[in-house]
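Read the structure below first, then the notes.
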Amino acid sequence: MAQFSNKGVRILYIHGCAKIGGAERELLTWLKFLDRTRFHPYVVCPSDGPLTTELDNLHILYVSFSLPAWRKLFHVFWRPFAILRLINVIRRWHIDVLHVNDYWWAPLGILAGRLTGCPCLVHVRQEIELRKIPQYWLDKG
């Protein structure tokens with residue numbers, strides 16, 4: 001179980017899109033109204049898009065790199081590198097909790113969390129088919 005510091009909980013939000021849509025608007029709203037005396041937000045997302053501009057405006061620390069699709073065969077070789085980068089970010093920022101902002105990247109966050117001992121929560125906004133639950137490791141809690 002994660003040990004939370006008295007100085008606030010460090011949350012790493014993991015998101016794989018740089019454009020602004022519904023999930024991104026919701027994430028930005030969370031970040032805007034998050035009690036910064038109790039929680040310290042950090043974000044991993046792709047670079048140079050509207051999302052990073054908004055993160056800059058909110059003064060949120062982020063690191064940019066692409067997160068490979070979990071179920072795309074041609075991304076299989078990039079997955080270990082993305083997981084290693086997530087692990088490095090978790091350790092560098094002493095993250096207490098991972099928040100994967102959509103189930104598309106759940107396995108990457110879950111693996112990085114397991115390898116670092118960091119608890120991981122996955123935000124699922126929409127109804128999904130039952131077969132996708134094990135495909136995206138949503139049953140691995």
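Measuring gaps between exposed loop sites in the chain (GluC sites (Glu not before Pro); DSSP loop; at most 10 other Cβ atoms within 10 Å), the longest gap, sites not included, is 1-126.
Relative contact order for the chain: 27 percent, from Cα pairs under 8 Å spaced at least 6 residues apart, divided by residue count. Converting phi to 3J(HN,Hα) with the Karplus coefficients 6.51, -1.76 and 1.60 and the offset θ = phi - 60°, the stretch 113-129 yields x, 5, 6, 10, x, 9, x, 10, 10, 10, 8, 10, 9, 10, 5, 10, 5 Hz in sequence order, with x at every glycine or proline.
Please go through the stretch 33-108 and write out the chymotrypsin sites (Phe, Trp or Tyr not before Pro) that DSSP classes as loop and that have at most 11 other C-beta atoms within 10 Å.
Phe77
Magnitude of the charge dipole for the chain, about its Cα centre and with charges confined to Cβ atoms of Lys, Arg (+1) and Asp, Glu (-1), is about 380 debye. Summarising the amide proton neighbourhood of Arg10: residues at separation of 5 or more, or on other chains, whose placed amide H is nearer than 5 Å comprise Ser5, His40, Asp96, Val97. Here the contact order of the stretch 72-130, divided by its residue count and restricted to Cα pairs under 8 Å and six or more residues apart, works out to 35 percent.
Find the accessible area per residue for the chain; the probe is 1.4 Å, ligands and nucleic acids are left out, and the unit is Å². Don't skip to the answer; put the middle values down first.
Values: 8240 Å² over 141 residues.
Here the residues of the chain average 58 Å² of exposed surface.
For the chain, taking Cα atoms only, Rg and Dmax work out to 14.4, 43 Å respectively.
Using a 1.4 Å probe on the protein heavy atoms, what percent of the accessible area of the chain belongs to carbon and sulfur? On the chain, the fraction of accessible area on carbon and sulfur atoms equals 58 percent.
Whole-Hz Karplus values for the stretch 42-55 come out as 9, 9, 10, 7, x, 8, 6, x, x, 5, 5, 4, 5, 5 Hz, taken residue by residue from phi with 6.51 cos²θ - 1.76 cosθ + 1.60 and θ = phi - 60°; glycine and proline positions read x.
Hey, what D do you get for the stretch 80-126 in µm²/s if you plug the Kirkwood alpha-carbon radius into Stokes-Einstein at 25 °C and 0.890 mPa s? Walk me through the numbers before you get to the answer.
On the way: Rh = 10.5 Å.
D = 233 µm²/s.
The values are calculated or read from the model by the stated rules, or taken from the named source; none is laboratory data. These numbers come from a predicted model, not from an experiment. FYI the Cβ positions are ideal-geometry reconstructions off the backbone, even for glycines, and counts take in every protein chain you see. Note: accessible area is taken over every heavy atom of the protein model, side chains too, but ligands, DNA and RNA are not part of it. Shrake-Rupley method; radii C 1.70, N 1.55, O 1.52, S 1.80 Å.
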